[in-house]
Amino acid sequence: MPPVPPAARPPTVARLRRSRISVIWLIPVVALAIAGWLGLRTVRDQGPIVTLQFNGADGLVAGQTRVRHKAVELGQVESISLTDDMAHVLVRMRMTREATPYLTNQARFWVVRPRLSSGSLAGIETLVSGSYIEMDPGGRDGEAKTNFVGLEQPPGVRSGEPGRTFVLKADRIGSLGPGAPVFYRDVTVGEVLGYDLGEGVGPVTIRVFVRAPFDGFVRAGSVFWNASGLSVQVGAGGVRVELASLQAVLNGGVAFSNPREGTDLASADEVFTLYSSNSEAVAAGYTNRLSFVTYFTSPVRGLAAGSAVEFLGIQVGTVREVRLVIDDASGTARVRVGFEVQPERIVSTDQSRDDPLEVARKMVRNGLRAQTKTASYLTGQLVLAVDFVQGAAPAELVVDGKDWVLPSLGGGLDNILAAVSGISAKLDRLPIEQIASNLNVTLRSAAGAMGSIQELVRKTDAGLTPALKRLPEIAQALQEASVRAGRTFASIEGSYGQSSQFSRELERAMTQVGDTARSIRILADYLDRHPEALVRGRGGVTDAR
């Protein structure tokens, strides 16, 4: 059968089938599911609302400022408002679920801003990112809490940082403040946490933190001293400048050392004394002390508590006190100087270690005396010198309670000036005008005597000049007479012989004549050179021959 042509086929009828659910509705359903999931997640991750109280809200913005710990976000500021009295700012923060277990009374909050602290710039990253609130969680074992008072300054020690805290006692703190460094051998090992004045009548309590493992260097025998700023000391050793570091100059500092070995490890919160200087701390390291007292009736300006006590130029102790004592009965006054001697500074050659009191008595009998000496003529500072004095008056060591009274002598620049003043007073008492008047009379008498002597010499010279001029002629005549006598002696010798008595007598006579002529010639030459010898004598003239 032949195929039917397309035109002969019956038409096909198309039927539309409608879907009950449209695909477009999937979009809002998915969006709703996502929103629900996000909402559920937000509700699940949300923590409680925490309220902080600050003095100000500088740098804080609601809806933007974050709460962080170690750069991890733990919450966000939701609102900022003032208290009813408008004295403080209340900051409401929504915390995360991770932070909830740490919201206890051990948690701390503060605002991180750019600040200069401990000689360094902290929080510099906030110049770009803005200020944020830092949380120090503390521990989980505290009591749950949602209202906190924020810290105005970052704490010195964060929770979980290894190390130990110690307590220092001082009369004054100088430039110390929170964040000041703690040094050990010029290495920064910790920082000052803060201080407490207490009732204001006792010492200042200072808390310091030493990080591990450096806290193991703090021993029971350690000494702490204030290393704040620049220390310039002018004394017997010259000018000495002490500078711990530039950081200590800017913000103060505390240093410590271990003068004695073998001491036990210091426990946490152990109390130490904070000394004002390194020298005072070193002196405090000597535990054995002998207490002495001496008295002065001369000025002791420049001697004060803390001054050195020297024995033969070597420091052996320190001055404890300087007080003025007035005796009402006699109406006299003297200065009482109490000082301590540390025997550990002295090496004894006698290992038997005799009684120190008996040794001190022997030394006093040998001339040991206390006196003040000038350590610096620039500042007038004095030291108490304990030295042996040659020819000192006999004295004995006296025991007054717990103090040993050492005899003293004057000394120092004031005593030198007093001696000069005494000499000046004695010179003032001398009859200077009378002495000058008598001296003028004596000089006038001497001048008259010299005039008389000159006149006598002149007259003598005038009277002796003719005689002096004839002395050479006389000597020449004697010489010629001697020659003639010699000739005559020769002729007589031929007549009487050389062995006759007459010849011998004549020979002696001629010898004497020759000697006389020679003496006259010598006298004439001498008087020609020194005519004043006729008045002064030969002993007053030096012969230039």
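Every number in this text was worked out from the coordinates using simple rules, so none of it is lab data. Computed from a predicted structure; not experimentally measured. Counting neighbours? That spans all protein chains shown, and the Cβs are built from the backbone with ideal geometry, glycine included.
Take Leu303, Leu324, Leu290 and order them by how many other Cβ atoms sit within 10 Å, fewest up front.
Working: Leu303 23, Leu324 9, Leu290 17.
Going from least to most buried by this count: Leu324, Leu290, Leu303.
Net charge near Tyr184: determine it from the other residues with C-beta under 11 Å of the C-beta of Tyr184, scoring Lys and Arg +1 and Asp and Glu -1. Local net charge: 0. Here the residues Val201, Val112, ranked from fewest to most Cβ neighbours within 10 Å of their Cβ, fall in the order Val201, Val112.
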